[in-house]
1. Since LEU95 meets every condition but one in (1) exposed (fewer than 14 other Cβ atoms within 10 Å of the Cβ); (2) at pLDDT 95 or above; (3) of a type in the set (A, V, I, L, M), which condition does it not meet?
2. From the list ALA59, ALA21, ALA74, ALA35, which one is modelled with pLDDT of 90 or more, in contact with a Gly (Cβ under 8 Å, 6 or more places away or on another chain) and surrounded by fewer than 16 Cβ atoms within 10 Å (Cβ to Cβ)?
3. How many residues are farther than 17 Å from ASP19 by Cα and surrounded by 14 or more Cβ atoms within 10 Å (Cβ to Cβ) when one looks only at the range 38-51?
4. Return only the number of the condition from (1) touching a residue at least 12 places away in the same chain (Cβ under 8 Å); (2) loosely packed, with under 12 Cβ neighbours inside 10 Å that ALA85 does not satisfy.
5. So which of ILE81, ILE72 is part of a helix (DSSP H, G or I) and within 14 Å of TYR27 (Cα to Cα)?
6. So which residues in the range 8-52 are part of a helix (DSSP H, G or I), farther than 28 Å from PHE94 by Cβ and not aliphatic (A, V, I, L, M), if there are any at all?
7. Among the residues of the range 66-81, which ones are among the aliphatic types (A, V, I, L, M) and touching a Phe, Trp or Tyr at 6+ places or on another chain (Cβ under 8 Å)?
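The values are calculated or read from the model by the stated rules, or taken from the named source; none is laboratory data. These figures come from a predicted structure and were not determined experimentally. A quick note on method: Cβ atoms are made from the backbone with ideal geometry, for glycine too, and the neighbour counts reach across all protein chains shown.
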Amino acid sequence: MCAQIHFMAVSMETWLVADAARLAAYYGQGFQASALPTTAQLETVTKPALDDSLRRATAKREYDKGKHSFDILATLDPAAIGRRAPHAKRFFDFLRGQC
């Protein structure tokens, strides 16, 4: 059982970047996945760096949090997010009662 759980991420964009395959599918042709951070532990990447990488990756159809974020979130694979964001995995496990 988890003794503690946090219900806030520093940046929701961490989850978007963690599932680059679904992010690329959402944006389609012109998406530049090479602009995204490659670190295995995305929760160490700063919000400004994430925002900049998303801006560059989506230059053809620029990411707009208000217009795109929830549509993209609905398509993401929690397992893909958990592989690159351990705090998110712990949160998902908690929600599933697996923690």
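1. Failing condition for LEU95: (2).
2. Values: ALA21 fails: in contact with a Gly (Cβ under 8 Å, 6 or more places away or on another chain); ALA74 fails: in contact with a Gly (Cβ under 8 Å, 6 or more places away or on another chain); ALA35 fails: in contact with a Gly (Cβ under 8 Å, 6 or more places away or on another chain).
The match here is ALA59.
3. Residues in the range 38-51 being farther than 17 Å from ASP19 by Cα and surrounded by 14 or more Cβ atoms within 10 Å (Cβ to Cβ): 0 in total.
4. Looking at each condition in turn, ALA85 falls short on (2).
5. Sole residue among the options that is part of a helix (DSSP H, G or I) and within 14 Å of TYR27 (Cα to Cα): ILE72.
6. Of the range 8-52, the ones part of a helix (DSSP H, G or I) are 13-18, 20-27, 33-35, 42-44, 47-52.
So of that shortlist, the ones also farther than 28 Å from PHE94 by Cβ come out as 24, 27, 33-35, 48, 52.
Answer for the range 8-52, where residues must be part of a helix (DSSP H, G or I), farther than 28 Å from PHE94 by Cβ and not aliphatic (A, V, I, L, M): TYR27, SER34, PRO48, ASP52.
7. Across the range 66-81, the qualifying residues are ILE72, LEU73, LEU76, ILE81.
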